[in-house]
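A short worksheet on the structure shown next.
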Amino acid sequence: MTYEDTFANETLLQELSESFRAHNQIPEALFSRYGIKRGLRNADGTGVLVGASWLGNVHGYIVNEGEREPIEGRLTYRGYDVYDLIRGLEAENRFGFGEIGYLLMCGALPTRRQLSDFQAMIGQERALPNNFTEDMIMRAPSRDIMNKLAGATLALYSYDQNPDETTVENVMRQGISLMAKFPVIISHAYQAKRRYFDGDSMYLHMPDPARSTAENILHLIRPDGSYTDDEAKLLDRCLILHAEHGGGNNSSFTVRVATSSGTDTYSAIAAAVSALKGPRHGGANLRVVRMLDEIKANVGDWSDEDEVAAYLRKIMDGQAGDGSGLIYGMGHAVYTLSDPRAVALKEAARPLAERKGFSREMAMIELVEKLTPAVFNEKKKLDKPMCANVDLYSGFVYKLLGLPESLYTPLFATARIVGWMAHRLEELTTGGKIIRPAYKPLGKAMEYRNLDERE
Ligand code: COA
């Protein structure tokens, strides 16, 4: 019997689903009656305060006289503005993702000696365990690299001689190892997908301990392993911009929740990878690319504001796009006027788009950014600012770099691992309590009836 056959009974599935629907409706009014903070949000849209953190600060509005006032977005890592970090690294023409990992996980910018020791350790940890690619990736390849990454992360538990100890030293070691290995796992998983699902050739290059994360990714993914310094530096900028986003973002909060139960590093990080996959979170970068392709295929003149706006209305009505009503790459839970990550990626994308002949496409994305707020406010009968988020431009940058779509969200995970590990370390040392909110119970008292007495 195949996996599909097990679920072939459509009628039974329908019956089971109808039973679920009949017994699981919750009237909207109930949420406000009990003051339920759906999505852990307060009534004014701000996030419920559930902890304190030294790591990232996502600053998107100020509260004045109880009202949210929109401002330009600002992102800081341990107090450093992400723009300053990028400018500093660019001025010295250096790769910076390793250094940002050090900053987030260890707490301060490293000295030259500390950085070199840290990078040497990452280099030592790059290689996957013997036969890991064969046993854990190629024997069970996946169409979705995020699922493979979550599975491979869990599998690494078996190769760790000391997997469960939650001391800072042990968790730091595990964090550096995962930071080093994620690029190799996603690249090899991508190669296996090419071989088993796409009918393409598979190229299994070995990681180079001396190269940066961005260089290793390009080297491992491209058949001939080659790349230019400019390409690697652009990818390095993408990794830096995706490294951390406060404790409230969905996947980092997932790390916090899992960590608070006392589970091991591999379990907590696999859970975060799974959360990041969702299209409302990291998976949005893939949906953006699909949405843009759809606009190009269906809108006669993509530079025509009226035509593009009409299509955006159709997306919001659920008649186009993926049916969710969402214009991907737009909107953010915290940022109002701008998402600094989107600003930085857009700036980086423009010259490359011109060089590679993608200026028309870039102009269309900018049009989506410009038109969406008005379409959104018209449809929702609101008057609130809405900005492009990081995902509107990240997929485009990856496309300009010739990276395959199936790796867009895994690249996000490869960057965010340092933020996740920093949150895990912080939760372990400062959390102290298992995270355990409450759900209003709705069940009525029921009397048990024997099988023959049920209708
Ligand atoms: N397109 C269409 N509708 C959107 C929207 C978008 N891009 N962003 C928000 N909305 C809708 C929400 O679905 C919600 O509708 P509802 O009241 O009918 O349920 C309403 O606007 C209010 O949403 P809001 O509170 O402003 O946003 P949020 O904090 O709940 O959600 C996101 C934030 C990022 C999840 C949301 O903007 C979104 O889904 N964007 C598209 C996906 C995306 O790009 N994600 C990447 C995030 S970095």
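The values are calculated or read from the model by the stated rules, or taken from the named source; none is laboratory data. The structure presented is a predicted model; accordingly, all values stated were derived computationally and were not measured. Reconstructed Cβ throughout: ideal geometry from the backbone, glycine too, with neighbour counts over all protein chains shown. We work out accessible area using only protein heavy atoms, side chains counted, and drop any ligands, DNA or RNA first. Shrake-Rupley method; radii C 1.70, N 1.55, O 1.52, S 1.80 Å.
Does A310 satisfy the condition of being within 16 Å of the ligand (Cβ to nearest atom) and either farther than 24 Å from L400 by Cβ or of a type in the set (F, W, Y) (or both)?
For A310, the condition - within 16 Å of the ligand (Cβ to nearest atom) and either farther than 24 Å from L400 by Cβ or of a type in the set (F, W, Y) (or both) - is met.
Could you go through the stretch 160-171 and let me know if any residue there is modelled with pLDDT of 95 or more, in contact with a Pro (Cβ under 8 Å, 6 or more places away or on another chain) and of a type outside the set (D, E).
No, the conditions are met nowhere in the stretch 160-171.
Which residues, counting only those in the stretch 265-305, are modelled with pLDDT of 95 or more, open to solvent by 50 Å² or more (accessible area, probe 1.4 Å) and either among the β-branched types (V, I, T) or over 18 Å from M362 (Cα atoms) (or both)?
S274, K277
Restricting the search to the stretch 362-409, which residues are away from the ligand (no atom under 14 Å from the Cβ), under 30 Å from K193 (Cα atoms) and buried (at least 18 other Cβ atoms within 10 Å of the Cβ)?
M362, V397, Y398, K399, L400, L401, L403, S406, L407
Take the residues in the stretch 268-307 that are small (G, A, S) and within 12 Å of the ligand (Cβ to nearest atom); name whichever of them is nearest to the chain's Cα centre (by Cα).
Top of the filtered list is G282.
If you go through the stretch 129-165 one residue at a time, how many are open to solvent by 60 Å² or more (accessible area, probe 1.4 Å), in contact with a helix residue (DSSP H, G or I) (Cβ under 6 Å, 6 or more places away or on another chain) and in contact (Cβ under 8 Å) with a residue 24 or more places away in the chain?
3
From the set of residues in the stretch 369-402 that are out of contact with any Leu (no Cβ under 9 Å at 6 or more places or on another chain) and of a type in the set (D, E), which is farthest from H332 (Cα to Cα)?
E378
Restricting to the stretch 243-262, name every residue that is charged (D, E, K, R) and part of a loop (DSSP other than H, G, I, E, B). I'd like the intermediate steps shown before the answer.
In the first step, residues of the stretch 243-262 are kept if they are charged (D, E, K, R); the result is 244, 256.
E244 - this is the single residue of the stretch 243-262 that is charged (D, E, K, R) and part of a loop (DSSP other than H, G, I, E, B).
Mind checking which residues of the stretch 94-111 are in contact (Cβ under 8 Å) with a residue 12 or more places away in the chain and exposed (fewer than 12 other Cβ atoms within 10 Å of the Cβ)?
Hit for the stretch 94-111 is A108, nothing else.
Could you say whether any residue in the stretch 334-348 is within 14 Å of the ligand (Cβ to nearest atom), small (G, A, S), open to solvent by less than 20 Å² (accessible area, probe 1.4 Å) and in contact with a Gly (Cβ under 6 Å, 6 or more places away or on another chain)?
yes
Check every one of the helices (runs of 4 or more DSSP H) wholly within the stretch 21-127 and list those with 3 or more residues that are within 16 Å of the ligand (Cβ to nearest atom) and either modelled with pLDDT of 95 or more or farther than 23 Å from I217 by Cα (or both).
So the answer is 28-33.
Of the residues that make up the stretch 207-230, is at least one within 16 Å of the ligand (Cβ to nearest atom), closer than 30 Å to R194 by Cα and not in a loop (DSSP other than H, G, I, E, B)?
Filtering the stretch 207-230 down to residues within 16 Å of the ligand (Cβ to nearest atom) leaves none.
No - not one qualifying residue is present in the stretch 207-230.
Take T11 and tell me if it is in a strand (DSSP E or B) and of a type in the set (S, T, Y).
Judged against the criteria, T11 is not a match.
Against the definition (open to solvent by 30 Å² or more (accessible area, probe 1.4 Å) and within 16 Å of the ligand (Cβ to nearest atom)), how does L326 come out, yes or no?
Yes: the conditions hold for L326.
One residue is enough: does the stretch 415-432 have a residue meeting the conditions within 15 Å of R256 (Cβ to Cβ), hydrophobic (A, V, I, L, M, F, W, C), surrounded by 10 or more Cβ atoms within 10 Å (Cβ to Cβ) and touching a strand residue (DSSP E or B) at 6+ places or on another chain (Cβ under 9 Å)?
Yes, the stretch 415-432 has at least one match.
Can you go through Y227, Y203 and tell me which one is under 22 Å from R139 (Cα atoms) and among the hydroxyl-bearing types (S, T, Y)?
Matching residue, one of Y227, Y203: Y203.
Restricting to the stretch 222-235, name every residue that is open to solvent by 10 Å² or more (accessible area, probe 1.4 Å) and within 21 Å of the chain's Cα centre (by Cα).
The answer is K233, L234.
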